[in-house]
Every structure is written in structure tokens, then in C-alpha cells.
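The values are calculated or read from the model by the stated rules, or taken from the named source; none is laboratory data. On a predicted model such as this, the values are computed, not experimentally measured, just so you know. Positions of Cβ are backbone-derived with ideal geometry, glycine not excepted, and every protein chain shown enters the neighbour counts.
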């Protein structure tokens, strides 16, 4: 029997099993515990450190019903796929059910210089982090495996935290993710306004050494906002002229709605400008007051360059008075530093090498038979993996595996097949998996990769989604033409050979470093 179809048939059986698991464990609810602050917490801003739905600096939030997108220069949104190391801003209902997840790069632009552990992108200094105690280790993606694969004049997207450098009196971006950007050439820079001054054509200010000029055509949002020193902004433009950027659009950034003083927020990032005498510091450009906040773990302290996750109340000026602060120490020390993956095994090689939620996992340090007695590791097995990041590779190192995970959120799984019976008006199609048909539904929040809703029919795709009754609710639909080509060339390809075309660039490069691709 064709191994591809065997895999697909097994996927359907496991999907039926997952319905029972979800009903037994309450996985369809989406109420996420662990926010641990009084009142409602409507915003979370931090780094993606895992997937259950989405896990941000150790905090799991249900994103199965949320729109996941990035914000364009004009303020419109484009759906996107979440990746490890990306910076996100999340609106949710206070119980951890997200309504919107915005992917928020720190800088996008051309690479102008490279150092031993640094890049200069759109006039901004970017540092690569290999020390897990200082924050999430830099993940490379989009065709990059490490810093050496980044070339001068490449268009790149950088996610990370601004860290103030007292020597240069400017902020550097401590990168959590660096990926090649295949979009149109453009510039996007996030930073704090300094040296603001009016000019004959508009205004001028600096962002960490980059000069930004505005004109009468520059659009500033939110509407009615005035630019001024110390505002945290994102500037969008077409290209640099030397070290000068003419802004086409400017967004004034607020992780919180400062007009509502009862709001609560969760914010993560590197500490800058810490002043012990006043008990104040900055995280992601937001002023934080230490107040009487508890600091965890015991013995940890707030200091410049420490990576923290804080929770607190928002003042009318947009500052946060912290009520709880967690300091990242080491990979296995606390939830803030762990990678957590909850989903089903896919792209199985052996018990030590597989993927969960698209992330390559090295489980060689875990004895699978001990972790999961009487369970055979294979594709479509539901697992919870705790892991640590590894510098220079997208492959995470598993420290613990559970094969009967307690589900707080929807179980997301991949399924491969051929699209038929597309109903554009009803936003549905049938996914032919071997000899079985699986009903699939998409929504406006579904992300299409390599194709559109109008070009679905007959395509070989991978659908990532969750079950609602017997219908697979698609979160991502990826074009999989390479799979069809490989299968036509040799319909009896073994699993390892067949799996290679289905992998993303990040996955394939991760396994290549392990000699498994």
C-alpha cells in the first residue's frame, strides 16, 4: 500500500481519537489558567516560545479562533503563520482566549553590515543572542540556518527586544528571530523618538541613529496623534537614502489603551534603563514601575539586560505598575525559559527525531519507553513536549515528553491530501486523504500559503487545524505541490524520503544539521 495513503489513513483514525480526548479533557473550552493577576488582562506582548495554541514566554493562550496577522504600513492586516521567536501582541478576553494575534517585527530592511555576532539593518544594530539566560536564543528562519547564511543586501525581518547600550547611547535589537523576507523591498523600524523638530516640509527625528523625515503625505495613526520625543513608534518607508528614511506611514505604539486606567497587561522583554533609586525601568520602550511587585524565582533580581515577564496595571500615561515579575534564568529553571509544544507528532523519523506543531524535536535525551509506557511513537500521537532551545539550530532539545497531555486549548493537527468539491461561498472543501474524504472549513482568519482560496481546487495541500465535530477547521492551508510531484515519480517512497518535500525551509534545515535530511 502507498505509504503516503497509510499515513493519511492513520491521521484520520487519530483525528477521531482526538475528539474523544478533547471531550474528556475539556480541550474545546479555551479557558487558560495561570494569568494570576487581579482583574482582566486584555493584552499580552512577548516572544513566541511554543505552541499549544500559542505560548508566549511560558503563557499559553487559545488562538484557535483568533486572527493571526501582521500589520501593514497603511494599518491593514495580512494573515500570517506564527513562528518560533516572533514578537507578538495579543488581545484576549481575560481568560486567555485570544481574539487577535499581531506579529510585530522590530525592524525590516536591507542588511548593510555584518559583524561577528551582529548585523546592521535599516540603520539599526541587531545582536544575535546565544545565551539563554539573557532571553530567547535567536532563531533563524526563512532560508537561514545561522548568521553566516545572512548576506549583505538581503531583505530581512528581525524580531526582538530593544536593549539600551550606554556606550553608544542608543538601543540595539537583541534578536529572538531573524528570517529572510521574500516580500517587496521596504523599511520598517520600531523605536523611541528623539531629537524631534519641525522642518519646512514636516518634521524630523531620530530612531537610534536613523534620521526620519516626515512630509505632508506622511500618515500618522491613530488618527489625531501628535508626534513628540519619547513616543514609541513604528515607521514605514520604501527605502533608505544613506541614513535617512522618508516616512510614508507612522504608527504610535501602545501595548495598552492608556485611557483605561483599570486595564491590566502582560509584557515581556529585556530590561533597559533600570534606575534603582526610583525603582523604574523600560521593557519594549514601555516605562515600568517596580512598586511592590513580587520577583520570581527566589533570589532573582531586576537589572539591565535581564529578560523578564511582568504583569501589572496600566496608568493613564501608558506606564505599567508591576504586580508580578518573572526573571528568566536558565532553560530548565522556570516556565519563562522553557519551550512547550502540545500537539500531535508529525514527520516522524524515529523516537528521537520528529516534529510537533512544525517544530523539529530532538528527543534523544528522553527514553520514550519510560516517558510513555506501552505507547508506540508514531505520527499522529498526541504529546506534550518540554524542551530547551539550542543555539544555531531550529531543532529544540526535549527534556520531557507526555503522551496523555492535559488539554487546555484546541488540539491543532496537520493533515495532507488533495482538495476537491470547493464551495467558495460556504468556505469549505473536501480533502481527499487516501480513499477517505475529510470535510474542511475555512474562515477569514485562515492563512493560505502558496495559494489562495480561489485556486484551491485539485491542489495537494497540508491543512493545519482543529476538529469541530467531524469538520476540520483550517487555521493554515499550505500548498504542497512538491509532494504530488514526488509521489508521481515514485509512489512507494519511504516515509523519510517522502517527508522531505513537505517540510518548511526551517524544518528541512534543522534536520539537515542533524544529518537526517
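Does residue 112 meet the test of being in a strand (DSSP E or B), modelled with pLDDT under 95, in contact with a strand residue (DSSP E or B) (Cβ under 7 Å, 6 or more places away or on another chain) and on the phi < 0 side of the Ramachandran plot?
Details: in a strand (DSSP E or B): yes; modelled with pLDDT under 95: no; in contact with a strand residue (DSSP E or B) (Cβ under 7 Å, 6 or more places away or on another chain): yes; on the phi < 0 side of the Ramachandran plot: yes.
Considered against the rule, which asks whether it is in a strand (DSSP E or B), modelled with pLDDT under 95, in contact with a strand residue (DSSP E or B) (Cβ under 7 Å, 6 or more places away or on another chain) and on the phi < 0 side of the Ramachandran plot, residue 112 comes out as no.
Within the span defined as the stretch 145-153, one or more residues are crowded, with 17+ Cβ neighbours inside 10 Å and not in a loop (DSSP other than H, G, I, E, B).
Residues in the stretch 43-55 that are in contact (Cβ under 8 Å) with a residue 60 or more places away in the chain and under 19 Å from residue 383 (Cα atoms): 49, 50, 51, 52, 53, 55. In the stretch 389-409, the residue that is modelled with the lowest pLDDT out of those that are crowded, with 18+ Cβ neighbours inside 10 Å and touching a helix residue (DSSP H, G or I) at 6+ places or on another chain (Cβ under 7 Å) is 407.
So in the stretch 334-375, with the set limited to residues that are in a loop (DSSP other than H, G, I, E, B) and touching a helix residue (DSSP H, G or I) at 6+ places or on another chain (Cβ under 9 Å), which one is surrounded by the fewest Cβ atoms within 10 Å (Cβ to Cβ)? Steps first, please.
First, pick out the residues of the stretch 334-375 that are in a loop (DSSP other than H, G, I, E, B): 334, 338, 351-352, 357-358, 363-367, 372-375.
Filter once more, keeping what is touching a helix residue (DSSP H, G or I) at 6+ places or on another chain (Cβ under 9 Å): 351-352, 358, 363, 375.
Working: 351: 19, 352: 17, 358: 25, 363: 25, 375: 14.
Only one residue fits best here, namely 375.
Do we have any residue at all in the stretch 458-476 that's at pLDDT below 50 and surrounded by 18 or more Cβ atoms within 10 Å (Cβ to Cβ)? No - not one qualifying residue is present in the stretch 458-476. Out of 158, 193, one residue alone is under 25 Å from the mean Cα position of the chain (by Cα) and surrounded by 20 or more Cβ atoms within 10 Å (Cβ to Cβ). It is 158. Buried (at least 19 other Cβ atoms within 10 Å of the Cβ) and at pLDDT 95 or above, is that true of residue 211? No.
For the stretch 33-57, filtering for residues that are at pLDDT below 90 and touching a strand residue (DSSP E or B) at 6+ places or on another chain (Cβ under 7 Å) leaves 10.
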